[in-house]
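Undergrad: Dumping the structure here so I can ask a few things about it.
The values are calculated or read from the model by the stated rules, or taken from the named source; none is laboratory data. This structure is a prediction, so every number in the text was calculated from the model and none was measured. Neighbour counts are summed over all protein chains in view; Cβ atoms, including those assigned to glycine, are modelled from backbone coordinates with ideal geometry. Note: accessible area is taken over every heavy atom of the protein model, side chains too, but ligands, DNA and RNA are not part of it. Shrake-Rupley method; radii C 1.70, N 1.55, O 1.52, S 1.80 Å.
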Amino acid sequence: MELIDGKKISEEIKLELKEKVAKLKEQGKEATLAVIQVGQDPASSIYVKNKKKACEYIGVGSVSYELSENTTEEKLLSIIDELNERSDITGILVQLPLPKHIDEDKVIKRIDPKKDVDGFHVENVGALVVGEEGFVSCTPNGVIQLLKRSNVDITGKHAVIIGRSNIVGKPMALLMLRENATVTVCHSKTKNLKEICKEADILIVAMGKPRFVDHEYIKEGAVVIDVGIHRDENNKICGDVNFDDVKEHTSKITPVPGGVGPMTIAMLMYNVVSAIED
Ligand code: NAP
């Protein structure tokens, strides 16, 4: 069994981006990411802080909007309109989840697709479906990088994905298809989940259920990617996969923490830099 080191791979990507940003600066091209947070959800605050730190590291600007919990939808939309118009702002990110009184779909749709560095806008999702260029959702794109940079051959492999959310499962399936895998997508209504997973050469788990997947779901020698992040009853971070039970049955596996997690920010930075490339 080999560990897929997301921390190391994400550092490599960020270093490559830092070098690219320096070159783009010489050509007079600069990126600035606007990060909007509504309310003070502690997890969101940590994500926002880490995103700003990553911008600083690779050498791109960031401006943040920390709005109060009771900000109206109208106010948020007007800030997005203003940022869409500003030529110095090249990327816009609205930290999710938003407070309940704000319609997330409406907010995402308001972002100029050319500045939608999260890749959530329907225009970018559509581009992924038909194979056109566009921003790709960061977490699934990070999984592709983890596989490629760990020399996992995807072509012709049977990839099983547990989860069909708009931000992970669905784009993950499309990306694996783009890489010529044969893809099966499972969800909460799937029958025989165990049997299907046991046929996977590459199993990608994004179901939001702590330590759900054990060795009975794993084909001997499979590659296992765990997208889940949770804190267990002892406040320890764990994934959707029962790592200790599964690891010896895999050829390669991502740990949690230190697997997919760090890749999300690295791929966000990748999108931020792509926004200023021709
Ligand atoms: P989500 O929106 O809750 O989606 C979960 C998916 O799993 C759904 O499609 C659901 O099926 C499916 N599912 C739930 N229980 C199932 C079961 N018993 N059997 C089969 N399928 C089942 O979650 P998400 O946003 O995609 O996130 C998934 C996990 O990844 C979470 O732990 C989240 O914290 C983590 N995450 C990590 C990162 C990162 O940076 N590493 C980024 C995003 C998310 P239905 O569609 O039928 O309900």
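Undergrad: Rank by packing, highest mean first: peptides 122-134, 253-265, with packing defined as the count of other Cβ atoms within 10 Å averaged across residues.
TA: Result, highest mean Cβ count within 10 Å first: 253-265, 122-134.
Undergrad: Under the rule a/c < 1.5 gives rounded, and otherwise a/b versus b/c splits prolate from oblate, where does segment 138-261 land using the Cα gyration tensor?
TA: Rounded, because the longest to shortest axis ratio a/c is under 1.5.
Undergrad: Give the dimensionless ratio obtained when the Cα radius of gyration of the chain is divided by 2.2 N^0.38 Å.
TA: It is 1.01.
Undergrad: In segment 251-266, which residues have a backbone nitrogen under 15 Å from the label point lying 7 Å from Lys236's Cα in the Cα-to-Cβ direction?
TA: 255-258
Undergrad: Through the Karplus equation 6.51 cos²θ - 1.76 cosθ + 1.60, θ set to phi - 60°, convert the phi angles of segment 210-224 into ³J(HN,Hα) values in whole Hz; use x for Gly and Pro.
TA: Values, residue by residue: x, 6, 5, 7, 10, 5, 5, 8, 10, 7, 3, x, 5, 9, 10 Hz.
Undergrad: Can you give the charge dipole size of segment 138-261 about its Cα centre, rounded to the nearest 20 debye, using +1 on the beta carbon of Lys and Arg and -1 on the beta carbon of Asp and Glu?
TA: Here the size comes out at about 460 debye.
Undergrad: Rounded to the nearest 10 degrees, what's the angle between the helix 169-178 long axis and the longest principal axis of the chain, both from Cα atoms, 0 to 90?
TA: 80 degrees
Undergrad: Then there is this: Cα extents of segment 73-144 along the three principal axes, largest first, in whole Å?
TA: The Cα atoms of segment 73-144 stretch 36, 30, 19 Å along their principal axes.
Undergrad: How far apart, in nanometres, would the label points at Asp112 and Thr182 be if each is projected 7 angstrom from Cα along the Cα-to-Cβ direction?
TA: Inter-label distance under the simple model: 4.5 nm.
Undergrad: What percentage of the solvent-accessible surface of the chain, computed with a 1.4 Å probe over protein heavy atoms, is contributed by carbon and sulfur atoms?
TA: 49 percent
Undergrad: Give the angle, between 0 and 90 degrees and rounded to the nearest 10, that separates the Cα long axis of helix 73-85 from the longest principal axis of the Cα atoms of the chain.
TA: Approximately 80 degrees, to the nearest ten.
Undergrad: Bin all alpha-carbon pair distances of segment 28-115 at 5 Å intervals from 0 and give each bin's fraction as a whole percent.
TA: 3, 14, 26, 25, 20, 9, 3, 1, 0
Undergrad: A further question follows. Place a label point 7 angstrom from the Cα of His215 along the Cα-to-Cβ direction, then list the residues of segment 250-278 whose backbone nitrogen is under 20 Å away.
TA: Residues passing the 20 Å test: 250-256.
Undergrad: Restrict the search to segment 1-62; then list the GluC sites (Glu not before Pro) that DSSP places in a loop and that have at most 13 other Cβ atoms within 10 Å of their Cβ.
TA: Sparse-neighbourhood loop GluC sites (Glu not before Pro): none present.
Undergrad: Same structure, new question: Restricting to DSSP H runs of at least four residues, report the calculated mean residue ellipticity at 222 nm for the chain, -39500 (n - 2.57) per run over all residues, nearest 500 deg cm²/dmol.
TA: Calculated mean residue ellipticity at 222 nm is -12500 deg cm²/dmol.
Undergrad: When ligands, DNA and RNA are left out and all protein chains stay put, how many square angstrom of accessible area per residue does segment 28-115 have with a 1.4 Å probe?
TA: 54 Å²
Undergrad: Take the Cβ-Cβ distance between Lys191 and Ile46 as r, set R0 to 30 Å, and report the resulting FRET efficiency rounded to the nearest 0.05.
TA: 0.20
Undergrad: Tally the DSSP beta bridges in segment 138-261 and give the antiparallel ones as a percent, rounded to 5.
TA: Within segment 138-261, antiparallel bridges account for around 10 percent of the total.
Undergrad: Here is a further query. Can you give me the angle between helix 138-149 and the longest principal axis of the chain, using Cα atoms only, in degrees from 0 to 90, rounded to the nearest 10?
TA: For 138-149 against the chain, the angle is about 50 degrees.
Undergrad: Now for a different question. Can you compute the modelled spin-label distance between Glu85 and Glu104, with each label point 7 Å from Cα toward Cβ, in nm?
TA: 2.9 nm
Undergrad: Considering only C-alpha atoms, what is the centroid distance from segment 184-208 to segment 21-79, in Å?
TA: 35 Å
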